[in-house]
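The values are calculated or read from the model by the stated rules, or taken from the named source; none is laboratory data. Computed from a predicted model, the values in this text were never measured in an experiment. Note that each Cβ is placed from the backbone with ideal geometry, even for glycine, and that neighbours are counted across all protein chains shown. The accessibility values were calculated without ligands, DNA or RNA, using every heavy atom of the protein model including side chains. Shrake-Rupley method; radii C 1.70, N 1.55, O 1.52, S 1.80 Å.
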Amino acid sequence: MAAIEDLIKQIADPGLRDQLAAEVARLKATKTFGLVFEEHLPELVRLPALPVRAGVRVMKKDESGTATYRATSQVNGQKVKIVPDAGGTEEIVERDGLVVAKAFGEPMYPALVPVDAVERAPGKPWHVLINADNYHALQLLLYGYEGKVDVIYIDPPYNTGARDWKYNNNYVDDADLWRHSKWLSMMKKRLELAKRLLKVRDSVLIVTIDEKEYARLGLLLEEVFDNPTVQFQMVSTNVNPAAASRAGRFGRSDEYIYFVMQGCSPARLPLSREWVSSRGRTHTGAPRWDLLRRSGSGASRDDSPGCFYPIYVDLQARKITRVGDPLPKGTSEPAALFGSAPILPIRKDASEGRWMMGPTELRSRIVQGRVRVSLEGRRKKPVQPVLYYLADGEFKKIEDGEFSVRGFDVDGSMMFAEPIEEGVGEVLAVPSTQWRIASHDSTQYGTRLLAKFIPGRKFPYPKSLYAVEDTLRFFVHSKLDALVLDFFAGSGTTAHAVARLNKQDGGRRRSILVSNNEVASDEEASLASQGLQPGMPKWEALGIFEYVTRPRVVAAFTGRRPDGKEIDGDYSFTDVFPMSDGFEENAAFFKLDFLDPGDVTRGEKFESIAPILWMLAGCRGACEVTKGSGKWFMPKENPFAVLHDEDAFADFVRNLAERPDIDHVFLVTDSTEGFHEMAAELGGEYKSIQLYRSYIDTFRINLAEPGTISPAGVPIFPTAPVTSLPPALGVIDAG
Ligand SMILES: C[S@@+](CC[C@H](N)C(=O)[O-])C[C@H]1O[C@@H](n2cnc3c(N)ncnc32)[C@H](O)[C@@H]1O
């Protein structure tokens with residue numbers, strides 16, 4: 001296409017040129033560029049908490065595929081008549097063998113159910129951990145956190161082929177020919193939501209990955225974050241110094257970390273010498289001087305005749321006395337200058353080369369102190385002047401204050417202060433994209449460290465606690481109130497790392513973590529053989545969130561293991577203290593549930609959305625749950641208020657005056673006009689948010705974007721109206 005466009009530009013006839021250009025633009029719009037993959041059947045969600053009623057879509061609990069049915073009528077209390085969505089004959093089945101399913105596009109009404117809480121720092125904001133499929137959790141988060149997140153750190157399933165993740169309720173293994181495509185489809189939907197949560201001007205998305213999907217992930221990130229101002233980088237990090245040996249292949253020790261930076265960059269931090277190699281030229285902790293004579297391509301005199309000129313050097317004084325003009329073609333003899341030697345860009349093979357820049361530019365760089373004369377000579381050979389210069393990138397580091405100038409040498413070149421030392425063996429620097437850090441070993445400081453907190457509970461491949469902490473630090477170092485999101489939370493390392501960062505500098509950063517509650521593939525088979533099914537308490541207790549994420553974070557924060565014993569051992573590296581100290585942090589744990597619209601009328605389910613309001617109001621104070629039966633609700637410990645009954649507005653305002661801590665007000669009304677009137681009366685001190693009378697209608701997720709196409713032959717999409725997500729709500733910001 002690019003070639004055709006270039007050819008079109010050459011057409012002299014403007015009419016023909018414009019017509020062809022328009023035709024090509026039309027064709028281009030129908031062609032897919034970049035990463036091409038199948039969209040796949042939309043993901044289906046099983047909702048075991050919802051009742052099987054006539055008219056709902058259901059799946060059979062013992063079927064692992066994506067077959068869905070419509071429950072047509074209730075035959076009696078135990079039996080239900082169902083018809084396959086894909087067509088086929090009706091059958092009568094046990095109600096207990098069915099589970100309600102929602103397809104992408106069918107509205108779902110989320111509820112946050114508190115399951116646990118740890119409060120160790122009254123007054124500090126709370127970390128939130130949610131047991132949910134992250135797709136739904138991200139949609140719910142959009143209601144309160146769109147454009148508010150500083151850092152998203154995720155470590156998604158690496159799609160190794162070893163049944164390490166599920167698509168549509170089925171483990172994806174290496175026999176699945178569509179596994180890369182399914183993975184991309186899963187990731188794309190989540191990354192698109194995640195992007196909306198990030199602060200537009202100052203945020204970073206960090207994604208870890210290994211060799212199975214790094215190439216596809218890179219393309220996907222560029223596609224989702226398609227904006228020239230976004231900076232992408234990939235770090236290669238050694239997480240397994242022992243290197244897993246692979247027959248006939250290189251030992252594998254690295255994985256990769258993508259950084260998608262929107263208007264921010266990694267901070268310069270005091271780092272141990274491990275991070276900053278003093279060998280090689282890159283990160284010596286001082287600016288890098290480059291040879292003034294060009295090497296590599298385009299380095300001959302003919303390539304740039306204007307850069308072949310003499311530079312006169314006083315060898316006694318080691319300084320440049322004059323910069324001559326380019327020598328005319330055919331001339332190689334510069335004029336003599338008393339007391340100075342003319343230096344020409346002659347290459348090692350004695351051929352004529354060129355300087356990096358013309359004489360005018362060089363003269364101005366000499367004035368800036370950016371040109372250095374070095375007298376270099378090997379034994380028994382005469383001393384030769386070698387000229388160096390500071391490239392623009394290095395000079396900018398000085399202008400930015402990364403290096404400080406302590407004076408000027410005899411040749412007029414800048415001399416730099418020793419790299420700033422902070423603590424023994426530390427240097428202030430931004431590291432390179434190769435990390436070889438002992439504390440990032442995921443066996444030692446991931447798996448083994450986790451075993452201290454939740455002994456006997458296995459979790460595959462947790463990250464090194466210190467690796468996550470170090471990675472985050474580059475972006476939250478000076479953001480003491482940063483909000484960090486991890487929606488593939490696994491064992492909860494990210495919340496633990498944020499707590500450690502806070503301890504180091506008194507920060508009030510908080511994290512939101514999301515993990516599903518899946519059981520491992522082998523465990524699933526064993527549980528099923530005992531007649532257990534997802535949704536049953538025994539099954540759910542062994543899922544990742546309940547069995548690993550929650551107990552790990554509770555143990556880390558309280559310093560006590562699930563069996564009540566103190567955690568044995570000390571943290572190492574950045575700051576050493578007993579693990580049994582725990583942290584002065586608060587954490588609230590929730591399960592994302594779904595409400596049955598049939599059950600909920602006139603707002604009886606306020607208690608299910610109260611925790612959502614607590615989250616929207618900034619997770620401050622222990623989350624108080626109430627049925628919301630009064631005319632208004634002002635939880636004692638939370639700085640928000642809810643007006644349930646518009647008629648009680650005047651009274652509500654009077655009571656509000658006694659609560660100066662409150663800054664968020666939720667006003668329940670179906671009238672937009674009424675909402676605006678009340679918000680105006682409250683004034684700019686409050687962030688006012690409208691809630692619909694039927695609370696569940698306020699928060700609606702899983703809605704298809706307009707234009708989503710149903711897969712042929714399978715009536716996945718309901719007749720319900722397609723609304724954009726989230727539904728428009730009245731929100732008036734404070735101030
Ligand atoms: C590679 S692990 C993350 C490990 C984590 N960084 C740690 O240090 O423990 C990926 C996790 O994502 C979870 N996960 C996978 N798909 C998910 C989904 N759709 N929603 C929520 N969690 C999911 C899995 O349960 C798994 O624990």
(Q) All but one of (1) within 13 Å of the ligand (Cβ to nearest atom); (2) surrounded by fewer than 21 Cβ atoms within 10 Å (Cβ to Cβ) hold for Leu142; state the number of the condition that does not hold. (A) (1)
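Mind checking which strands (runs of 3 or more DSSP E) fall wholly inside the stretch 143-187 and carry at least 3 residues that are out of contact with any helix residue (DSSP H, G or I) (no Cβ under 7 Å at 6 or more places or on another chain)? Give the steps one after another, and end with the answer.
Working: elements: 151-154, 162-167, 170-173.
Of the strands (runs of 3 or more DSSP E) lying wholly inside the stretch 143-187, those with at least 3 residues that are out of contact with any helix residue (DSSP H, G or I) (no Cβ under 7 Å at 6 or more places or on another chain) span 162-167.
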Q: Taking Gln262 as meeting all but one of (1) closer than 18 Å to Asp150 by Cβ; (2) open to solvent by 50 Å² or more (accessible area, probe 1.4 Å); (3) polar (S, T, N, Q), write down the number of the exception.
A: (2)
Q.
Any residue that is touching a Ser or Thr at 6+ places or on another chain (Cβ under 8 Å), in the same structural domain as Gln384 (by TED's automatic domain parsing), part of a loop (DSSP other than H, G, I, E, B) and closer than 13 Å to Leu387 by Cβ - is there at least one of those in the stretch 324-344?
A. yes
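What residue, among those in the stretch 437-465 that are touching a Gly at 6+ places or on another chain (Cβ under 6 Å) and open to solvent by 10 Å² or more (accessible area, probe 1.4 Å), is farthest from the ligand (Cβ to nearest atom)?
Residues of the stretch 437-465 touching a Gly at 6+ places or on another chain (Cβ under 6 Å): 452, 462-464.
Okay, now just the ones that are also open to solvent by 10 Å² or more (accessible area, probe 1.4 Å), so 452, 463.
On the way: Lys452: 14, Lys463: 4 Å.
Once the filter is applied, the top-ranked residue is Lys452.
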Q: Name the residue, out of Val642, Val665, Val625, that is of a type outside the set (Asp, Glu), in a loop (DSSP other than H, G, I, E, B) and more than 18 Å from Ala495 (Cβ to Cβ).
A: Val625
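Does the stretch 57-81 hold any residues that are among the aliphatic types (A, V, I, L, M), open to solvent by less than 50 Å² (accessible area, probe 1.4 Å) and either more than 29 Å from Ser521 (Cα to Cα) or in contact with a Ser or Thr (Cβ under 6 Å, 6 or more places away or on another chain) (or both), and which are they?
Start the filter on the stretch 57-81 by keeping residues that are among the aliphatic types (A, V, I, L, M), which leaves 58-59, 67, 71, 75, 80.
Keeping just the survivors that are open to solvent by less than 50 Å² (accessible area, probe 1.4 Å) gives 58-59, 67, 71, 80.
Once the filter is applied, which keeps residues that are among the aliphatic types (A, V, I, L, M), open to solvent by less than 50 Å² (accessible area, probe 1.4 Å) and either more than 29 Å from Ser521 (Cα to Cα) or in contact with a Ser or Thr (Cβ under 6 Å, 6 or more places away or on another chain) (or both), the stretch 57-81 yields Met59, Ala71, Val80.
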Q) Which one is farthest from the ligand (Cβ to nearest atom), of the residues in the stretch 180-199 that are open to solvent by 40 Å² or more (accessible area, probe 1.4 Å) and either free of Cβ contacts under 8 Å to residues at least 24 places away in the same chain or over 11 Å from Leu217 (Cα atoms) (or both)? A) Lys199
Q. What is the number of the single condition among (1) surrounded by 17 or more Cβ atoms within 10 Å (Cβ to Cβ); (2) modelled with pLDDT under 95; (3) not small (Gly, Ala, Ser) that Lys381 does not meet?
A. (1)
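Test Met234 against the stated conditions and say whether it is modelled with pLDDT of 90 or more, in the same structural domain as Pro462 (by TED's automatic domain parsing), touching a helix residue (DSSP H, G or I) at 6+ places or on another chain (Cβ under 9 Å) and open to solvent by less than 30 Å² (accessible area, probe 1.4 Å).
Values: modelled with pLDDT of 90 or more: yes; in the same structural domain as Pro462 (by TED's automatic domain parsing): yes; touching a helix residue (DSSP H, G or I) at 6+ places or on another chain (Cβ under 9 Å): yes; open to solvent by less than 30 Å² (accessible area, probe 1.4 Å): no.
No, not satisfied.
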Q: Return only the number of the condition from (1) open to solvent by 70 Å² or more (accessible area, probe 1.4 Å); (2) touching a Phe, Trp or Tyr at 6+ places or on another chain (Cβ under 7 Å); (3) farther than 24 Å from Met414 by Cα that Arg372 does not satisfy.
A: (3)
Q. Inside the stretch 327-363, can you point out the residues that are surrounded by 14 or more Cβ atoms within 10 Å (Cβ to Cβ), modelled with pLDDT under 95 and of a type in the set (Lys, Arg)?
A. Arg347
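Being open to solvent by less than 70 Å² (accessible area, probe 1.4 Å), modelled with pLDDT of 95 or more and not hydrophobic (A, V, I, L, M, F, W, C) narrows it down to one residue among Gly298, Gly285, Gly324; which is it?
Numbers: Gly298 fails: modelled with pLDDT of 95 or more; Gly285 fails: modelled with pLDDT of 95 or more.
On inspection, the qualifying residue turns out to be Gly324.
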Q | Members of the stretch 611-638 found to be within 31 Å of the chain's Cα centre (by Cα) and open to solvent by less than 10 Å² (accessible area, probe 1.4 Å), listed by number | A | Pro611, Ile612, Leu613, Trp614, Met615, Ala617, Cys619, Asn638
Q) In the list Asp202, Asp164, which residue meets the criterion of being open to solvent by 40 Å² or more (accessible area, probe 1.4 Å) and at pLDDT 95 or above? A) Asp202
Q. Restricted to the stretch 145-175, and to residues that are in contact with a strand residue (DSSP E or B) (Cβ under 9 Å, 6 or more places away or on another chain) and either outside the structural domain of Ser464 (by TED's automatic domain parsing) or of a type in the set (Gly, Ala, Ser) (or both), which residue is nearest to the ligand (Cβ to nearest atom)?
A. Ala162
Q.
Test of understanding: among Gly531, Gly543, Gly506, Gly535, which residue is surrounded by fewer than 18 Cβ atoms within 10 Å (Cβ to Cβ) and under 20 Å from Ala132 (Cβ atoms)?
A. Gly535
Q: Sort out which residues of the stretch 466-490 are more than 17 Å from the chain's Cα centre (by Cα) and within 13 Å of the ligand (Cβ to nearest atom), and write them in order of number.
A: Tyr466
**Q.** Single condition Glu119 does not satisfy, out of (1) farther than 25 Å from Asn502 by Cα; (2) open to solvent by 50 Å² or more (accessible area, probe 1.4 Å)
**A.** (1)
Q | Long-range neighbours under 9 Å by Cβ, at least six apart or interchain, first residue not assigned by TED's automatic domain parsing to the domain that holds Ser442 within the stretch 465-477, second modelled with pLDDT under 95 and away from the ligand (no atom under 16 Å from the Cβ) | A | none
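Out of curiosity, is Asp570 open to solvent by 50 Å² or more (accessible area, probe 1.4 Å) and touching a Pro at 6+ places or on another chain (Cβ under 6 Å)? Let's see the steps before the verdict.
Values: open to solvent by 50 Å² or more (accessible area, probe 1.4 Å): yes; touching a Pro at 6+ places or on another chain (Cβ under 6 Å): yes.
So Asp570 passes the test.
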Q: Could you please give the count of residues in the stretch 566-595 that are closer than 15 Å to Leu450 by Cα and free of Cβ contacts under 8 Å to residues at least 12 places away in the same chain?
A: 1
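Can you say whether Leu129 is surrounded by 21 or more Cβ atoms within 10 Å (Cβ to Cβ), assigned by TED's automatic domain parsing to the domain that holds Tyr547, aliphatic (A, V, I, L, M) and not in a strand (DSSP E or B), as far as the supplied structure shows?
Details: surrounded by 21 or more Cβ atoms within 10 Å (Cβ to Cβ): yes; assigned by TED's automatic domain parsing to the domain that holds Tyr547: yes; aliphatic (A, V, I, L, M): yes; not in a strand (DSSP E or B): no.
Against the criterion (surrounded by 21 or more Cβ atoms within 10 Å (Cβ to Cβ), assigned by TED's automatic domain parsing to the domain that holds Tyr547, aliphatic (A, V, I, L, M) and not in a strand (DSSP E or B)), Leu129 does not qualify.
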Q) Looking at the stretch 201-240, which of its residues are over 13 Å from the mean Cα position of the chain (by Cα) and under 23 Å from Leu140 (Cα atoms)? A) Arg201
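Quick check on the stretch 510-529. Is at least one of its residues more than 14 Å from the ligand (Cβ to nearest atom), within 20 Å of the chain's Cα centre (by Cα) and either of a type in the set (A, V, I, L, M, F, W, C) or within 15 Å of Trp126 (Cα to Cα) (or both)? Walk me through how you get there before you give the answer.
Going through the stretch 510-529, the residues more than 14 Å from the ligand (Cβ to nearest atom) turn out to be 510, 522, 525-529.
So of that shortlist, the ones also within 20 Å of the chain's Cα centre (by Cα) come out as 510.
In the following step, the residues that additionally are either of a type in the set (A, V, I, L, M, F, W, C) or within 15 Å of Trp126 (Cα to Cα) (or both) were identified as 510.
Looking for residues that are more than 14 Å from the ligand (Cβ to nearest atom), within 20 Å of the chain's Cα centre (by Cα) and either of a type in the set (A, V, I, L, M, F, W, C) or within 15 Å of Trp126 (Cα to Cα) (or both), one finds at least one in the stretch 510-529, hence yes.
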